[in-house]
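Chemist: Before I ask anything, here is the structure I am working with.
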Amino acid sequence: MDDDDVETLKFLNATTWRIPIHVTSAPRGNGYADLHLMYNDLCSRARGRFLFLWNDDAQMMTPRWDDELRAHDDGKLCYVMSELVDSRGRDSYLFPIVHRSYYDALGHYSASAHNDTYVKAVFDQLPSTSFRVSNIKVKHSALELIARLDRTSLEGQAHWPTTKGLWGTDEVQNVLKADVIKLQELVKQQNT
């Protein structure tokens, strides 16, 4: 969470959790435009076998989803696809789940605030066997939050013209291309 998000910090500290959690905060920076920097930092701290992009506008719909995910862990690079329940009816690639080897090979999760788009673009250049179908369903409520004038959603949307404009720049595309090359090599190593 952003370090100025006092409301969320109070909630987290006042809640009894059934599982261990670790609270991480960082400066807001440029908000949504720096979201990938927050995700990169979180991935560096994560210890799990998979990295599952998650946002405050998402709700898990699948009971025992972690058991479903565990079935895909053969130690190899993969992108486990979740099914999206979304009022927009598009963007089937949101909330990617990638094997930890993705981050370990690259040293970062994304070079763009559009993290899900970035991860999908990298995997689109890998063998189709890198994608795995799952029964995991995630409800995405972005439009509903914007309609309710959710401050975080509105702030994020305000950055889209800038962040989407950065997508096609050499700064983002060169990192993406280098990431594809590294992961293609990882796939070759894992398949020998």
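The values are calculated or read from the model by the stated rules, or taken from the named source; none is laboratory data. Computed from a prediction, not measured in an experiment: that's the story for all the values here. Positions of Cβ are generated from backbone atoms using ideal geometry, with glycine treated the same way; all protein chains shown enter the neighbour counts. Side chains included, ligands, DNA and RNA excluded: accessible areas come from the protein's heavy atoms. Shrake-Rupley method; radii C 1.70, N 1.55, O 1.52, S 1.80 Å.
Chemist: Residues that are open to solvent by 20 Å² or more (accessible area, probe 1.4 Å) and either out of contact with any strand residue (DSSP E or B) (no Cβ under 9 Å at 6 or more places or on another chain) or part of a loop (DSSP other than H, G, I, E, B) (or both): does the stretch 77-86 have at least one?
Modeler: First, pick out the residues of the stretch 77-86 that are open to solvent by 20 Å² or more (accessible area, probe 1.4 Å): 81, 83-86.
With the extra rule that they be either out of contact with any strand residue (DSSP E or B) (no Cβ under 9 Å at 6 or more places or on another chain) or part of a loop (DSSP other than H, G, I, E, B) (or both), the set shrinks to none.
Looking through the stretch 77-86, none of the residues is open to solvent by 20 Å² or more (accessible area, probe 1.4 Å) and either out of contact with any strand residue (DSSP E or B) (no Cβ under 9 Å at 6 or more places or on another chain) or part of a loop (DSSP other than H, G, I, E, B) (or both).
Chemist: Continuing with this model, one more query. Can you tell me which residue within the stretch 114-142, out of those that are of a type in the set (A, V, I, L, M) and open to solvent by less than 80 Å² (accessible area, probe 1.4 Å), is modelled with the lowest pLDDT?
Modeler: Our first condition is that a residue be of a type in the set (A, V, I, L, M); within the stretch 114-142, this holds for 119, 121-122, 126, 133, 136, 138, 142.
Checking the rest, the ones that are also open to solvent by less than 80 Å² (accessible area, probe 1.4 Å) come to 119, 121-122, 126, 136, 138, 142.
On the way: V119: 97, A121: 97, V122: 98, L126: 98, I136: 95, V138: 93, A142: 65.
Step by step, filter the stretch 114-142, then rank; the result is A142.
Chemist: Out of curiosity, is L94 aliphatic (A, V, I, L, M), surrounded by 11 or more Cβ atoms within 10 Å (Cβ to Cβ) and assigned to a loop (DSSP other than H, G, I, E, B)?
Modeler: Against the criterion (aliphatic (A, V, I, L, M), surrounded by 11 or more Cβ atoms within 10 Å (Cβ to Cβ) and assigned to a loop (DSSP other than H, G, I, E, B)), L94 qualifies.
Chemist: Scan the stretch 104-113 residue by residue and report those that are more than 13 Å from the chain's Cα centre (by Cα) and open to solvent by 30 Å² or more (accessible area, probe 1.4 Å).
Modeler: If we filter the stretch 104-113 for residues that are more than 13 Å from the chain's Cα centre (by Cα), which is where we start, we get 104-107.
Hits for the stretch 104-113 are D104, A105, G107.
Chemist: Looking only at the stretch 118-140, filter to residues that are in a helix (DSSP H, G or I) and in contact (Cβ under 8 Å) with a residue 12 or more places away in the chain; which one of those is farthest from G165 (Cα to Cα)? Explain how you work it out, then say what you get.
Modeler: Here is the first cut: in the stretch 118-140, the residues in a helix (DSSP H, G or I) are 118-123, 128-130.
Filter once more, so that each one left must be in contact (Cβ under 8 Å) with a residue 12 or more places away in the chain: 118-123, 130.
On the way: Y118: 14, V119: 17, K120: 18, A121: 16, V122: 18, F123: 21, S130: 29 Å.
Step by step, filter the stretch 118-140, then rank; the result is S130.
Chemist: Report yes if some residue within the stretch 159-177 is modelled with pLDDT of 95 or more and in contact with a Leu (Cβ under 7 Å, 6 or more places away or on another chain); otherwise report no.
Modeler: yes
Chemist: I would also like to ask the following. Going through M60, M38 one at a time, which residue ends up being crowded, with 18+ Cβ neighbours inside 10 Å and within 15 Å of the chain's Cα centre (by Cα)?
Modeler: Numbers: M60 fails: crowded, with 18+ Cβ neighbours inside 10 Å.
After applying the criteria, what remains is M38.
Chemist: Let me ask something else about it. What are the residues in the stretch 150-171 that are touching a residue at least 40 places away in the same chain (Cβ under 8 Å) and farther than 18 Å from G31 by Cα, if any?
Modeler: Scanning the stretch 150-171 gives a single hit, E171.
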